[in-house]
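Peer 1: Dumping the structure here so I can ask a few things about it.
What follows draws every value from the coordinates through simple rules; no lab data is involved. All figures in this text were calculated on a predicted structure; none of them were measured in a lab. Heads up, the Cβs are rebuilt from the backbone with ideal geometry, glycines too, and the neighbour counts pull from every protein chain shown.
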Amino acid sequence: MNHNRRVLLKGSLAAGAVGAAIGAGLLTPKAAVAAWAKAAFEAKDVNVALSSAMGSSDTTTTDKIKLKAPDIAENGAVVPITVTSNIDGTSSMSILVPKNAQPLTSTYTFGSNTQGYISTRVKMGKTSDVIAVVKANGKLYSTKKEVKVTIGGCGG
């Protein structure tokens, strides 16, 4: 019993010290200093969202991007998406759903030695294309696939 009390006190003291350091600005959580592309995620148009997120909306269609998504999504609230880029120099990736109220669902930045691969779930309000855009060597490449939605996930 006494041992549990000591562990609790040590944990509380450590958490308090970390909280004080964050409050004083000595430590900054990575999530708090991460860049947030607010304009990109609030955009109502695909080209505006893409320009805000990746600096341009001019893409080249390629078969070097593999987009895996279901043909029919029974629940638009949780549509599984997997994107694999086989383009050398892949530095970032975004997923867009043009018929959503805000088309940009997610955007990712990769380190120089990172494989261009993401697996996530997106919300889809209704049947739409899913567009994967890859930035590699300063250029944008894309591929798309239509996903039919039977039950909408964005309030539908």
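Peer 1: If you take every residue apart from Val46 with its C-beta less than 10 Å away from the C-beta of Val46, what net charge results, scoring Lys and Arg +1 and Asp and Glu -1?
Peer 2: Values: positive: Lys44, Lys99; negative: Asp45, Asp129.
Result for the neighbourhood of Val46: 0.
Peer 1: Let me ask something else about it. Quick query: amide H of Val147 versus all other amide H atoms, modeled in the peptide plane; which residues come in under 5 Å with a sequence gap of 5 or more or a different chain?
Peer 2: Ser128, Asp129, Val130
Peer 1: To continue, here is another question. Any lysines with Cα under 18 Å of the Lys139 Cα? List them, leaving off those in the same chain fewer than 8 positions away.
Peer 2: Within reach: Lys64, Lys66.
Peer 1: What does the net charge come to around Glu74 if you take all other residues with beta carbon closer than 15 Å to its beta carbon, with K and R at +1 and D and E at -1?
Peer 2: Working: positive: Arg121, Lys123, Lys126, Lys148; negative: Asp71.
That works out to +3.
Peer 1: Take Glu146 and Lys38, extend 7 Å from each Cα along the Cα→Cβ direction, and tell me the distance between the two endpoints in nm.
Peer 2: 3.8
Peer 1: Another question about this same structure. Obtain the nm distance between the two label points defined at Ser56 and Asp71 by a simple spin-label model: each point lies 7 Å from its Cα along the Cα-to-C-beta direction.
Peer 2: 3.5
Peer 1: What lysines could a cross-link reach from Lys126, if we take a straight Cα to Cα line under 21 Å and drop same-chain neighbours fewer than 8 places away?
Peer 2: Leaving aside lysines fewer than 8 places away in the same chain, those within reach of Lys126 are Lys44, Lys68, Lys99, Lys144, Lys145, Lys148.
Peer 1: For labels at Lys139 and Asp88 in the simple 7 Å Cα→Cβ model, what's the distance in nm?
Peer 2: 1.3
Peer 1: To the nearest 0.05, how large is the calculated FRET efficiency for Tyr117 and Asp63 if R₀ is 22 Å and r is the Cβ-Cβ distance? Show your work: numbers first, answer last.
Peer 2: On the way: r = 17 Å, r/R0 = 0.75.
E between Tyr117 and Asp63, to the nearest 0.05, is 0.85.
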